[in-house]
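Asks: My questions will all concern the structure given below.
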Amino acid sequence: MKQHRKLGRKQIPFLFLFPAFIIHLCVVTLPSISTFAMSLYEWNGLGKPKFIGLSNFVEIFSKDAVIGRAIMNNLKWTAIFITIPIVMGFGIAVILSRIKKGQMFFRVVFFMPYVVSAVVAAKIWLSFFNPFYGFGQIFSKLGLDKLASVMWTSDPNIALYTVAFVDNWHWWGFVMVLFLGALQQIDPALYEAGVVDGTSKLQQLWYITIPGIKQTIVFIIITSIMWSFLTYDYVWIMTGGGPSHATEILSTWIYKNAFINYRSGYANALCVVQSGICIVFYFIQKYLSRKGGDEA
């Protein structure tokens, strides 16, 4: 009887995990397997799929003239988002952590853009960048004719950076909150000891603050990398991947092939490639974490 009770107690945790397992199986595992399976077919999304083996992947790596530019744009996007928002978020978090009065006000103000819908934010900024009644008119009245003539979302040379600016406006406040939460976990006694030892503010930052939030920094970097390769909303709303694929990224190219070109099989193959890139970055992060003795 006691043995049956022990067996029952051991099974209780699995009963609690079972609903989450079923949800993960239905929402993540099975769709992932289906995506890989359909990447081996030629399919327009409606008719009967035709098995073509690895032909879709051959086309991706040998014939698709857009995929290389899309990956390069994703890499540029990644380079932007593992530097600018992280530096901004960390810097403002350090400053706010030392403010005694009014800290909550600034935290709310800086975090507010993150809760705004991507569609709403993108449409608002599109109106700002409109050359007929946006920043163009303001610059024109100020006599800044060169800035007034800039086509922020239509110039292939700057369109990607314009969209990245808007996404960063939305994203960096969230990074700031993460850093601020991590900074509050550092023992104040460490800073007191640093003051006794005669360390400067810069030395405290380098030897106490940064090592104290190292895990948070690693988490934000790897999250930013993965989300940079999965980003979609701001690019699609503001430019649709244009002009002339100047802002094309993997997500928009997948969408166009699936729902505009009616090549669902090819779009699934692109999804596999996109997932493979994210997995590579994940294992790189795990390797660097183990090598540095900081498993994240």
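The values are calculated or read from the model by the stated rules, or taken from the named source; none is laboratory data. Since the model is a prediction, treat every value here as computed from it, not as a measurement. When we count neighbours, we look across all protein chains shown, and the Cβ atoms used for this are built from the backbone with ideal geometry, even at glycine. What goes into the accessible areas is simple: the full protein's heavy atoms, side chains included, and nothing from ligands, DNA or RNA. Shrake-Rupley method; radii C 1.70, N 1.55, O 1.52, S 1.80 Å.
Asks: Give the ranking of 251, 154, 244 by solvent-accessible surface, highest area first, calculated with a 1.4 Å probe. Don't skip to the end; give the middle numbers.
Replies: Working: 251 20, 154 65, 244 90 Å².
So, going from the largest accessible area down, we get 244, 154, 251.
Asks: When only alpha-carbon atoms are used, what values of Rg and Dmax, in angstrom, describe the range 228-288?
Replies: Every Cα atom of the range 228-288 included, Rg and Dmax give 13.1, 41 Å.
Asks: Then there's this: Of the peptides 202-213, 65-76, how do they stack up when ordered by the mean number of other Cβ atoms within 10 Å, highest first? Don't skip to the end; give the middle numbers.
Replies: Details: 202-213: 14.6, 65-76: 16.4.
Answer by packing, highest mean first, reads 65-76, 202-213.
Asks: Tell me the Kirkwood radius of the chain: reciprocal of the mean inverse pair distance over distinct alpha-carbon atoms, in Å. Kindly include the intermediate steps, with their values, before the conclusion.
Replies: Numbers: mean 1/r = 0.0437 Å⁻¹.
Across the chain, the inverse of the average 1/r is 22.9 Å.
Asks: Would you mind estimating how fast the range 66-221 diffuses translationally, via Stokes-Einstein at 4 °C and 1.567 mPa s with the Kirkwood radius over Cα pairs, in µm²/s? Write down the numbers at each step before the final one.
Replies: On the way: Rh = 18.2 Å.
After rounding, the answer is 71 µm²/s.
Asks: Right, next: Defining a contact as two alpha carbons under 8 Å apart and six or more residues distant in sequence, what relative contact order in percent does the range 1-104 show?
Replies: Numbers: 24 pairs, mean separation 10.8, N = 104.
Once normalised by length, the contact order is 10 percent.
Asks: Residue 287 versus residue 105, label points 7 Å from Cα toward the beta carbon: distance in nm?
Replies: 5.0
Asks: Which percent of the accessible heavy-atom area of the range 240-289 goes to carbon and sulfur, probe 1.4 angstrom?
Replies: Numbers: 1480 of 2090 Å².
The value for the range 240-289 is 71 percent carbon and sulfur by accessible area.
Asks: When Lys and Arg each count +1 and Asp and Glu each count -1, what net charge do the other residues less than 13 Å away from residue 183, Cβ to Cβ, add up to?
Replies: Numbers: positive: 98, 107, 214; negative: 187.
Here the charged neighbours net out to +2.
Asks: Related question: Computed on alpha carbon atoms, what radius of gyration and Dmax characterise the range 1-116, expressed in Å?
Replies: Final numbers for Rg and Dmax: 25.4, 69 Å.
Asks: Convert 4 °C to kelvin, take the viscosity as 1.567 mPa s, use the Kirkwood radius over C-alpha pairs of the range 166-296 as Rh, and evaluate the Stokes-Einstein diffusion coefficient in µm²/s, rounded to a whole number. Write out the running numbers ahead of the final one.
Replies: On the way: Rh = 17.9 Å.
Rounded, D is 73 µm²/s.
Asks: Ignoring ligands and nucleic acids, what accessible area does residue 271 show with a 1.4 Å probe (Å², nearest 10)?
Replies: Taking all protein chains as shown, residue 271 has close to 40 Å².
Asks: Just round it to a whole percent: the fraction of Cα-Cα distances in the range 194-242 exceeding 11 Å.
Replies: On the way: 879 of 1176 pairs.
In whole percent, the long-distance tail amounts to 75.
Asks: Could you work out the helix-only [θ] at 222 nm for the chain, with each DSSP H run of four or more residues adding -39,500 (n - 2.57) and the total divided by the number of residues, to the nearest 500 deg cm²/dmol? Write out the running numbers ahead of the final one.
Replies: Numbers: 16 runs with 200 residues, N = 296.
It lands at -21000 deg cm²/dmol.
Asks: Another one. Determine which lysines satisfy two conditions relative to residue 10: a Cα distance under 19 Å, and not lying fewer than 8 residues away in the same chain.
Replies: 2
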